[in-house]
Amino acid sequence: MVRLALEARADKLDSQAGREGQAGARETVSQFIDRHIMLLLFLPAFLVLFLVTVVPFLTALWFSFTGYNLAKPNSDTFVGLETYQIVLSDPATRNALFNTFYLVAACVATETVLGVGLALLLARQFRGVRVVRSLFLVPLMTTPVVVALTWRMLYNTRFGYVNYFLGLLGLPTQDWLGDPALAMWALVVADIWVATPFVATIVLAGLLSLPEEPFEAAVVDGASALQTFWRITLPMLRPVLALAIMFRAVDAFVKFESILIMTGGGPGEVTTTLNFLAFNTGFYFLRLADAAVMSVVMVFLMLTIAFASIRWLGAGRV
Amino acid sequence: MGYRQRRRLVAWLCAIIVAAALAFTFFPFFWLITTSLKKPIDAFALPPTWIFIPTLDNYGQVLEAGFLKSYFNNTLVGILCTMVSLILGVPAAYAMVRANFRGKSFMGAWILLSRLAPPVAFAIPLYVLFRSVGLVDNYLGLTIAYLTITMPFVVWIMTGFFEGVPVELEEAALIDGCTRLGALLRVVLPVSTPGLATAAIFSLMMSWNQYFYPLILGGRNTITSPVMITGFVTFEGPNWGKLAAAGVLVVAPVLVFTVVAQRGIVRGLVGGAVK
């Protein structure tokens, strides 16, 4: 009510100012600005965002209906769905799609479990907890290229520390990035290193903002720690988890640096994801139309993932 | 076992797991920093030489290779794109929170979508366009490309932040004769400094860490540090010390920022999801 009254007063003052303003032409410009202020604040960003996101995306959409190939002159003519047909029936695309889903599923599953576990540990009170929490922020902000290079060297078959430590434990050493059975999981482990703290940080923020009453009630009712976790903590964390999972899924989907630097999409094509294939197709083989088709497919898939996680898990404001 | 003993045991177990997780998290940094200070013979030694005579040779080599130029490029593009993102994005976020106009929710959805869209979808048309207008290997071109990432992010962060600023503050200012623009500049922005700082830091770090766009749209003059590092792998063979030194140089400012701005970073990651 108070707010309504205030708004009414502000309106009145506005209109008074308006009447006074009509007297002098000097004020009309500033008056105009004041009247349309919200639109004027909004428009520049809107136009720039339109130019840098919508226009390129529509262009990519247009390319996907052409046979555009930078190596072939005059290839940017309309061909309908032909490029879609070619790209989608190509076994390489299907393989990349499979790899993408494999990578996304592996990353999201492991990081969610580990991240929630880490968040629960960090939610406890102990000396230095604040410092420890902030220490886990470090991998998130580290330049992805440097992370990828570091892991590549750590995974090195002959001189890498991963194999050295395995040897110390008496375990067999592996060709982590060169063995088709291991390369994808080598990428996943490096991703776990980066992203578990991300999930943990988001979940921890959610944990710390939960109300205390349900937990007190659980203690009174004699619920075990496990029961409390499954029945109270996890359901209350759902919106936060949805957000974390969505961001993780989307980021794993467009993972680029680590694939390019650590495996180059290989060995063979076992770590070639759709994003990586689109990059190679477009900027290495110069088949822009094919790459455009792949990126349109990716946008479509990512929208599906995003909406699915919002719907099913009921994310709040995203 | 008594209740207190059990609690103690649990506390110890938790401490051990957290310590192990920290060790796992920081080992790669430890490796990177020590390797950057090692002579080649030590860098490749197994079992590792834990105690060695540190050398700055690797850093010298990196700087000789013209790394400072790429450092400058990284900084310049980061600052340009952060400035544009803030100048345009902050007022827009404010308008989206305070005003009621058609297309507001559309704009919100669109911002989220551009956060989700794969960079490759923008990179293909941008590359074609930039080639025809000469914006490849150009600071302006890189800035425009980075905006596709930082602008939506700034708007997203700032809408979350402005929602927490009480309307009454502005109303008081309006009643005292402030214009709406005046209210924004003199009342809302000053109380939003933490939000602005978060947006700026994130925008700076995101552009600093960029690899995909500068790889495609950059060139010899505008080469950024992350792109330059990968050049050390392919063209000059694996010189781990030099690679590590370059890596430390790229990561160092990010780490300093992370330590200084940790609270803002949590807010930036969480966005509006947790109040």
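Odds and ends about this structure:
- Based on DSSP H segments of at least four residues, each scored -39500 (n - 2.57), chain A has a per-residue ellipticity at 222 nm of -21500 deg cm²/dmol.
- Compactness index (Cα Rg / 2.2 N^0.38 Å), the stretch A:66-199: 1.49
- Solvent exposure, largest accessible area first (probe 1.4 Å, DNA, RNA and ligands not counted), of A:V113, A:V203: A:V113, A:V203
- Evaluated over the protein assembly as shown, the count of Lys pairs having alpha-carbon atoms less than 26 Å apart is 8 (only pairs 8 or more residues apart or interchain).
- With a Förster radius of 51 Å applied to the beta-carbon distance between A:V220 and A:F101, the computed FRET efficiency rounds to 0.70.
- Other protein chain C-beta atoms within 10 Å of residue C-beta, averaged over A:122-132: 2.
- Overall Cα dimensions of chain A, principal axis frame, Å, largest first: 87, 75, 33
- Accessible area buried at the B-A interface, both sides summed, 1.4 Å probe (Å², nearest 100): 8600
- Dipole of the protein assembly as shown, positive end: most advanced residue of B:A11, B:L88, B:V256 [Cβ charges, Cα centre]: B:A11
- Percent carbon-and-sulfur accessible area, the protein assembly as shown, ignoring ligands, DNA and RNA, probe 1.4 Å: 67
- Chain A - charge dipole about Cα centre, Lys and Arg +1 at Cβ, Asp and Glu -1, debye rounded to 20: 440
- Between helix B:104-116 and chain B: long-axis angle, C-alpha atoms, 0 to 90°, nearest 10: 10
- Helices assigned as whole DSSP H runs in chain A whose Cα atoms extend at least 18 Å along their own long axis and whose mean Kyte-Doolittle hydropathy is 0.5 or higher are found at A:37-49, A:91-122, A:183-208, A:234-253, A:288-313.
- Whether the stretch B:174-275 is rounded, prolate or oblate, judged on the alpha carbon gyration tensor where a/c under 1.5 counts as rounded: prolate
- Restricting the stretch B:75-120 to chymotrypsin sites (Phe, Trp or Tyr not before Pro) in coil, as DSSP defines it, with at most 13 other Cβ within 10 Å: B:F101
- Förster-model FRET efficiency, 51 Å R0, A:T28 and B:Y139, C-beta, rounded to 0.05: 0.80
- Gyration tensor (Cα) of the stretch A:218-260, equivalent ellipsoid semi-axes in angstrom: 36, 10, 5
- Other protein chain C-beta atoms within 10 Å of residue C-beta, averaged over A:150-158: 4.
- Of the trypsin sites (Lys or Arg not before Pro) found in the stretch B:98-206, those that fall in a DSSP loop while having at most 13 other beta-carbon atoms within 10 Å are B:R102.
- Per residue, the solvent-accessible area of the protein assembly as shown (1.4 Å probe, heavy atoms of protein chains only, all protein chains present) comes to 47 Å².
- Along its first, second and third principal axes, ordered by size, the protein assembly as shown spans 87, 80, 50 Å in Cα coordinates.
- Rg/Rh for the stretch B:65-270 stands at 1.04; both radii use Cα atoms, and Rh follows the Kirkwood definition.
- Shielding by partners for peptide B:21-27, expressed as the average number of C-beta atoms from other protein chains within 10 Å of each residue's C-beta, is 5.
- Listed residues A:R127, A:R94, A:R248, most fluctuating in chain A (Gaussian network, C-alpha, under 10 Å): A:R127
- For chain A, built as a Gaussian network whose Cα springs stay under 10 Å, the top-fluctuating residue of A:L149, A:L51, A:L277: A:L51
- Here's the picture: charge each Lys and Arg Cβ at +1 and each Asp and Glu Cβ at -1 in the protein assembly as shown, and of B:T55, A:F42, A:V55 the one pushed furthest to the positive end of that dipole is B:T55.
- Residue-averaged [θ]222 nm for chain B, counting only DSSP H segments that reach four residues, each worth -39500 (n - 2.57): -24500 deg cm²/dmol
The values are calculated or read from the model by the stated rules, or taken from the named source; none is laboratory data. Quick caveat, the model's predicted, so the values are computed rather than measured. With ideal geometry, Cβ positions are generated from the backbone for all residues, glycine too; neighbour counts draw on all protein chains shown. Ligands, DNA and RNA are excluded from the accessible area calculation, which covers all protein heavy atoms including side chains. Shrake-Rupley method; radii C 1.70, N 1.55, O 1.52, S 1.80 Å.
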